[in-house]
1. Within the set of pairs 6+ apart or on separate chains, which have a first residue in segment B:149-172 that is under 16 Å from B:Leu122 (Cα atoms), a second that is part of a strand (DSSP E or B) and open to solvent by 40 Å² or more (accessible area, probe 1.4 Å), and C-beta atoms under 9 Å apart?
2. Looking at segment B:99-116 only, could you name the residues that are closer than 21 Å to A:Gly242 by Cβ and in contact with a Lys or Arg (Cβ under 6 Å, 6 or more places away or on another chain)?
3. Which of (1) in contact (Cβ under 8 Å) with a residue 24 or more places away in the chain; (2) more than 13 Å from chain A (Cβ to nearest Cβ); (3) closer than 24 Å to B:Met281 by Cα is the odd one out, the single condition B:Asn215 does not satisfy?
4. Could you look through segment A:14-33, keep only residues that are open to solvent by less than 10 Å² (accessible area, probe 1.4 Å) and in a loop (DSSP other than H, G, I, E, B), and pick out the one that is farthest from A:Gly216 (Cα to Cα)?
5. Which one of these does A:Glu66 not meet: (1) at pLDDT 95 or above; (2) under 30 Å from A:Leu229 (Cβ atoms)?
6. Please indicate, with yes or no, whether at least one residue in segment A:36-47 is open to solvent by less than 90 Å² (accessible area, probe 1.4 Å), more than 14 Å from chain B (Cβ to nearest Cβ) and modelled with pLDDT under 90.
7. So, restricting to helices (runs of 4 or more DSSP H) that lie completely within segment A:73-175, which ones have at least 1 residues that are within 14 Å of another protein chain (Cβ to nearest Cβ) and within 10 Å of ligand 1 (Cβ to nearest atom)?
8. Picking from B:Glu151, B:Glu95, which residue would you name as being surrounded by fewer than 24 Cβ atoms within 10 Å (Cβ to Cβ), more than 10 Å from ligand 4 (Cβ to nearest atom) and either under 22 Å from B:Glu168 (Cα atoms) or within 10 Å of another protein chain (Cβ to nearest Cβ) (or both)?
Amino acid sequence: RLTGRKPAKPVVKRELDDDMLEQLEELLIASDMGVDTALRVSANIAEGRFGKKVSTQEIKQILADEVARIMETVAKPLPLYPQTPQVVLVVGVNGSGKTTTIGKLASQFKEAGKSVVIAAGDTFRAAAVEQLQVWGDRAGVPVLTAPEGSDPASLAFDAMTKAQEMGADLLMIDTAGRLQNRQDLMEELAKIVRVIRKKDESAPHNTLLVLDATTGQNALSQVETFQKLADVSGLVMTKLDGTAKGGVLVALADKFGLPIHAIGVGEKIDDLAPFDPKDFAQALTGSDSL
Amino acid sequence: MFENLSERLSGVFDRLTKQGALSDEDVKTALREVRVALLEADVSLPVARDFVKAVQEKATGQAVTKSVTPGQQVVKIVHDELQHVLAGDDDNPGELKIDNAPAPILMVGLQGSGKTTSTGKLAKRLKEKNGKRVLMASLDIYRPAAMQQLEILGTQIGVDTLPIVAGESAVQIAKRAKQQATLGGYDVYMLDTAGRLQIDETLMQEVEDVRDVVNPRETLLVVDGLTGQVAVEVAEEFDGKIGISGVVLTRMDGDGRGGAALSMRAVTGKPIKFVGLGEKMDALETFEPERIAGRILGMGDIVALVEKA
Ligand SMILES: Nc1nc2c(ncn2[C@@H]2O[C@H](COP(=O)(O)OP(=O)(O)OP(=O)(O)O)[C@@H](O)[C@H]2O)c(=O)[nH]1
Ligand SMILES: Nc1nc2c(ncn2[C@@H]2O[C@H](COP(=O)(O)OP(=O)(O)OP(=O)(O)O)[C@@H](O)[C@H]2O)c(=O)[nH]1
Ligand SMILES: [Mg+2]
Ligand SMILES: [Mg+2]
């Protein structure tokens, strides 16, 4: 593909017909948008254009604009509140990127002049605490820990007391990964939230659900259940530096309307970016050929 | 959340219960629903497309059994084909090639897919079920505390881990593992690697170098059972560049439909050997195609029903 330079292709216009519509649908389905949402999004853009002549370039741009339009309403940075410590609880299924995202966020807030404390609420997984301690060191913020196997709710409670004493602006609480169909583990999470509220009724001020971009339609069930049991206030999607497009975010925006605060684009401390609807839409519709 | 396939098809076929054979048109209508069901289960688009084509050929003209509806009949055909593709011709999915001690097993996959956990689970299984002496080594020099994680798991399950030496490269660690496994009289040595994207050329090269040093008897691609459309690309790239011998599908204790299983199997032709069913060290089972087939279609009972009829 790198050898030789192809002459510029003449712009070919094609009629927007059923065939082309189906190709658009498939492009969206291949991004993990899900069949229903893909059908609706492509039907939207076909409206008023069906039977008209369009170039591939044009139709992709129209598609990107439509996706960006849907996503604009959910692109919001993590809100900061005057209460201190502002408690940020981070939740999600196993391996989605919770711990790494906390490290990255802590570093960003530290750089913005906030005093940050992290609590190592994953008292279950092997070396989860050690992992978070490395991130704490990298970000230059203290990490509060409890021994492996101890109750994460009481760790969260103690961490709130300590963060208060330390006069911290932000307390970020890591939690163990849990699948949303595990009722016992979801109840454990609900308990963490209840205990935090005993200390401060308005906390947790943010509950971030971390989603993995390689996840398919199960993300819908993740958001639904975590929202129900832990009052999720916003989303972060990780691993968008890979080839997964994260199209399920469009279905999620449509169904739940939760804000998307940031995206993970790598394993390094600075690899956390604001969610940009235009970039997201461009990546989603761009690379696949039509 | 999703309608299962038999519900979808019962709608389609309500009007034609008395016909003798499935007509072309019936089959086509039904297969549109099958395609949607597969896509909702996260089967990758090109795989779903090929699969539907294969079923179409099998279904057209088949006689309809009197006591079941055409919808149920199609479900049965789809289910059988699905099971057929998933099973392949692999008789013993739970068997690993571990002759010629020390046999190296290489674990690879994307970030967070479950490699380290699965390494521990497999080591435990090899030790307890096969009576093997196993050595585990972490080649993950990148993720914070990755090596400690494997070390802790080793202590939990009573399996030795290669001592951690700071500053070595993945290849150097692999060489040391091979040496220690040989000198120490181990039957198997397992190499847990860092998570990597299939498009990361540097890291893919690293694992190719490791492969060339140890010549693994098994190279297992560890894949999250909740994976969506990207499964095909991941399978193609890892198999193409490293050459895998099988797949471990994790997080099947979740409520995901597991369409990635079909994508993996169809693209690589390599067997799915094990499924991960939890975080604990004994939460590993051998792959059972019939169970996954029913799950991808979002149903279990219908097949038994058709079988009885
Ligand atoms: N490529 C890439 N990898 C990421 C990103 N975020 C996290 N990771 C990697 O994904 C893996 C899992 O990340 P963790 O932060 O440990 O995930 P977790 O949700 O805390 O996992 P558990 O606590 O085990 O449930 C690690 O290898 C991370 O380096 C990202 O944005 N891009
Ligand atoms: N529920 C469930 N969780 C699992 C399963 N397998 C692994 N996990 C969890 O998934 C998370 C990530 O697992 P790891 O074994 O650390 O994944 P990894 O592939 O080694 O991750 P990296 O080294 O960061 O790339 C951990 O929280 C594990 O406990 C499984 O089958 N079911
Ligand atoms: Mg974690
Ligand atoms: Mg690992």
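1. B:Gly154/B:Asp160
2. Residues satisfying the conditions are B:Met107, B:Gly109.
3. (3)
4. Ranking the candidates gives A:Leu16 first.
5. Of everything listed in (1) at pLDDT 95 or above; (2) under 30 Å from A:Leu229 (Cβ atoms), A:Glu66 misses just condition (2).
6. No, segment A:36-47 contains no residue that is open to solvent by less than 90 Å² (accessible area, probe 1.4 Å), more than 14 Å from chain B (Cβ to nearest Cβ) and modelled with pLDDT under 90.
7. Values: elements: A:98-111, A:128-139, A:152-165.
In segment A:73-175, the matching helices (runs of 4 or more DSSP H) lie at A:98-111, A:128-139.
8. After applying the criteria, what remains is B:Glu151.
The values are calculated or read from the model by the stated rules, or taken from the named source; none is laboratory data. On a predicted model such as this, the values are computed, not experimentally measured, just so you know. Here the Cβ is made from the backbone with ideal geometry for all residues, glycine too, and neighbour counts use every protein chain on show. The accessibility values were calculated without ligands, DNA or RNA, using every heavy atom of the protein model including side chains. Shrake-Rupley method; radii C 1.70, N 1.55, O 1.52, S 1.80 Å.
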